[in-house]
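Report on the following structure.
The values are calculated or read from the model by the stated rules, or taken from the named source; none is laboratory data. Everything numeric here is computed off the predicted structure, so don't read it as measured data. Counting neighbours? That spans all protein chains shown, and the Cβs are built from the backbone with ideal geometry, glycine included.
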Amino acid sequence: MPPTLELRAKQSLALTPRLQQSVRLLQLSSLEFQQELRNALDTNPFLEYDESQTEDNALGADNGNSMSETSLSGASSESSAEAPLASESSMSSMDSEQSTDNVSREDSMNEYSNEYSSEYSSDPFGRSASRNSGDGEGSDPADWVRIEPSLHDTLHEGLRLYQLNERDRAIAQLIIEALDDDGYLRQELSELANVVDIEPALSEDELNIALKLVQSLDKPGVGARNLSECLSLQLEAMEEDTPGREVALEIVAHHLERLARREQAELQKKIGCSADDLRIACALIRRLDPKPGENYGASEDNYVVPDVIVRPMKKQWIVTINPAVLPRARIHRMYAELFAQSAGASRSPLAQQLQEARWLIRNAQQRFTTIQRVAECIVSHQKAFFDYGEIALKPLVLRDVADELGLHESTISRATGNKYMATPRGIFEFKHFFPRELSTESGGTCSAAAVRALLKEMISKENTRDPLSDVSLAKMLADQGVIVARRTVAKYRHLMKVPPAELRRQAS
């Protein structure tokens, strides 16, 4: 057949650049959003830091109105510059997307603005507004993260308290630097003697004395050459009248392998002690730290900023956006007006940057509007949780929230990912309020979180000398109408970081 030309009609769904930005901003966490906003302020000449909002938040101004003024100030002041870039119909459609807030929400934000401003400062990382400058100086969250000293730093600091001559101090520093992250000295002392060039050569007695000094600088067990020595150092640091200490020392010195294999009868025979003494010694050994070096230099994620705040008001739970995460950026009025008056503004590369600045402001407001709507829906479904606690948490899925708000399920997933809610019961991730559904004996349902709360309550009330096994816990749940398998109980217990029954048993 000869080649022919054919026209076909085809429909396809494409994401506009503005919609792509809106989706991306929605799935960011509060810290990532603040970083995105800072990058835009640094690179886009049409954006400027809004210092007035910082002052308003610090003085307890209307947070809801402040957010509206942030997003709309550019549209009202640069209407002349907007004409060559967007039609009136497109702008009106953008404005209609932002009209989801109602009067009652603004009233509630007014009533609690003073309290929120004192508890959560206008800076997203908890700093006072008066210390925050318009150029973002000193706004690095790493400045407010507590850094734990490392193992080597701690030992070097402790070594400075001893009055030593230069040779002895150098030997002790050599041993400190040879320790690994677990706090063990894996190298032989004879190998360390060949590492440094010291005259006269290091003797074995000098190295042993320096090792004893290092082992006494901080927590017992640091500087040990093997697990047996590590546990022995911790036991020797205890009081001599500690119950089970002598038997425990014998076990860690000569019978660690039998202890690992749980050969209780063989251990009792080798040591020559009673069953009660052996049980007390084993419980004492389980409380020791086999890797004491891991306790140093641990970083803590202690800079989580909640996106919304939930507070009770007149027997209702009110949800408001945390003023610390509100966007503090606006369109630079002077630059936009000068650009609109210039010739060929619509063909200038700066036209795209001005459009991106407007998109960012509007999408930021849309982000917080969606997050607040989702948070309000969650609070309305989980009202019993805020009244009675974890045990009253109900099953909830993303589809329920999506159907109620008229949004797509993927939008709800983005709005709940890496978002946090500050409540009187603590700070929770949005995902925490979507527990899995479990059936009950009566035909009803309960949440997996409620089952975990029941298990936690049962374990807290158990007899420590005869703790409840997973089978016993499953039977107790069945007595309350919740049918779960033993492996499910074991999984929930593991998630709560509760050891099994044999490790929870304590001697009298």
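Structure above, values below:
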quantity	calculated
Tabulated pairs, the stretch 181-203, first under 25 Å from Lys291 (Cβ atoms), second part of a strand (DSSP E or B), C-beta under 6 angstrom, 6+ apart or interchain	Tyr184/Ala224
Strands (runs of 3 or more DSSP E) wholly inside the stretch 252-351 that include at least 2 residues being outside the structural domain of Leu185 (by TED's automatic domain parsing) and polar (S, T, N, Q)	316-321
Counted residues, the stretch 379-411 - those being within 20 Å of Val310 (Cβ to Cβ) and either outside the structural domain of Gln34 (by TED's automatic domain parsing) or hydroxyl-bearing (Ser, Thr, Tyr) (or both)	2
Residue count for the stretch 377-411, restricted to those that are without any contact (Cβ under 8 Å) to a residue 60 or more places away in the chain, assigned to a helix (DSSP H, G or I) and not small (Gly, Ala, Ser)	14
Residue within the stretch 432-454 that is of a type in the set (Ser, Thr, Tyr), touching a Phe, Trp or Tyr at 6+ places or on another chain (Cβ under 6 Å) and either more than 29 Å from Met313 (Cα to Cα) or in contact (Cβ under 8 Å) with a residue 40 or more places away in the chain (or both) present	no
Identity of the residue in the stretch 168-181, charged (D, E, K, R) and surrounded by 14 or more Cβ atoms within 10 Å (Cβ to Cβ), that ends up nearest to Ala201 (Cα to Cα)	Asp168
Residues of the stretch 161-198 that turn out to be of a type in the set (Lys, Arg) and under 15 Å from Gln215 (Cα atoms), as a count	2
Odd one out for Glu376, checked against (1) at pLDDT 85 or above; (2) within 27 Å of Tyr303 (Cα to Cα); (3) in the same structural domain as Val498 (by TED's automatic domain parsing)	(3)
Qualifying positions in the stretch 451-494 - modelled with pLDDT under 85, more than 26 Å from Leu284 (Cβ to Cβ) and exposed (fewer than 11 other Cβ atoms within 10 Å of the Cβ)	Asp479, Ala485
Qualifying positions in the stretch 173-228 - modelled with pLDDT of 85 or more and β-branched (Val, Ile, Thr)	Ile175, Ile176, Ile209, Val214, Val222
